[in-house]
1. Any idea how many residues of the stretch 1-36 are more than 18 Å from residue 68 (Cβ to Cβ), outside any strand (DSSP E or B) and under 19 Å from the mean Cα position of the chain (by Cα)?
2. Are any residues in the stretch 119-169 among the small types (Gly, Ala, Ser) and part of a loop (DSSP other than H, G, I, E, B), and if so, which ones?
3. Report, ordered by the first and then the second residue, all pairs with beta carbons closer than 8 Å, sequence separation of six or more or different chains, a first member in the stretch 97-112 that is hydroxyl-bearing (Ser, Thr, Tyr), and a second member that is surrounded by 16 or more Cβ atoms within 10 Å (Cβ to Cβ) and in a loop (DSSP other than H, G, I, E, B).
4. Being out of contact with any helix residue (DSSP H, G or I) (no Cβ under 6 Å at 6 or more places or on another chain), within 28 Å of residue 129 (Cβ to Cβ), among the aromatic types (Phe, Trp, Tyr) and modelled with pLDDT under 95, is that true of even one residue in the stretch 29-36?
5. Tell me, yes or no, whether the stretch 57-80 has at least one residue that is free of Cβ contacts under 8 Å to residues at least 12 places away in the same chain, surrounded by 12 or more Cβ atoms within 10 Å (Cβ to Cβ) and closer than 20 Å to residue 108 by Cα.
Amino acid sequence: MHNYTRKDIMEMVEDEDVGFIRLQFTDIYGTMKNMAVTVSQLKKAMDNQCMFDASPIRDFPGAGESDLYLYPDLNTFEIFPWRPQQGKVARLICDIHCSDGRPCESDPRQVLKKVLAEAEKMGYTMKAGPECEFFLFHTDEDGLPTTLTHEQGGYFDVGPLDFGENARR
């Protein structure tokens, strides 16, 4: 886990020629959302002054308050390696707070923090490890994804069982 300061992030942004920062959060269903800001707005973002209207997000925030603030977790700063070499794109994962500064109760990160605190009081420790899982689908004549796949491979299979062998490799 990183332990970044504001100064660390500002230096990385300058050294790596970052042009945009994606302030990311999830909705109540776990779908990633984001608001992109330019580097000129990064200090404002790190001061927790980036507001967004949550009313278009289905079932969010639930408390009836639509103007919410993004509070970036500085330790989640990452520069995307697949973006352009000039004007790179980075991200900060954010907590969501109400306009009065209190954490939004329906923010999934807030819910997780609350559950982890309760589990810790009971003597449990949360450990998680991500797994990269994906499916390969055909595209139609317009280049749009379909639900057709030739995937036949499963866990621990040996040898090519379908057309996705090279992509999985």
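The values are calculated or read from the model by the stated rules, or taken from the named source; none is laboratory data. The shown structure was predicted, so the numbers you read here are calculated from the model rather than taken from an experiment. Here the Cβ positions follow ideal geometry from the backbone for every residue, glycine too, while neighbour counts run over all protein chains shown.
1. Residues meeting the conditions: 6.
2. Filtering the stretch 119-169 for residues among the small types (Gly, Ala, Ser) gives 119, 123, 128-129, 143, 153-154, 159, 164, 167.
Scanning the stretch 119-169 gives 123, 128, 129, 143, 153, 154, 159, 164.
3. Within 8 Å, the pairs are 106/60; 106/61.
4. The answer is yes, given that some residue of the stretch 29-36 is out of contact with any helix residue (DSSP H, G or I) (no Cβ under 6 Å at 6 or more places or on another chain), within 28 Å of residue 129 (Cβ to Cβ), among the aromatic types (Phe, Trp, Tyr) and modelled with pLDDT under 95.
5. No.
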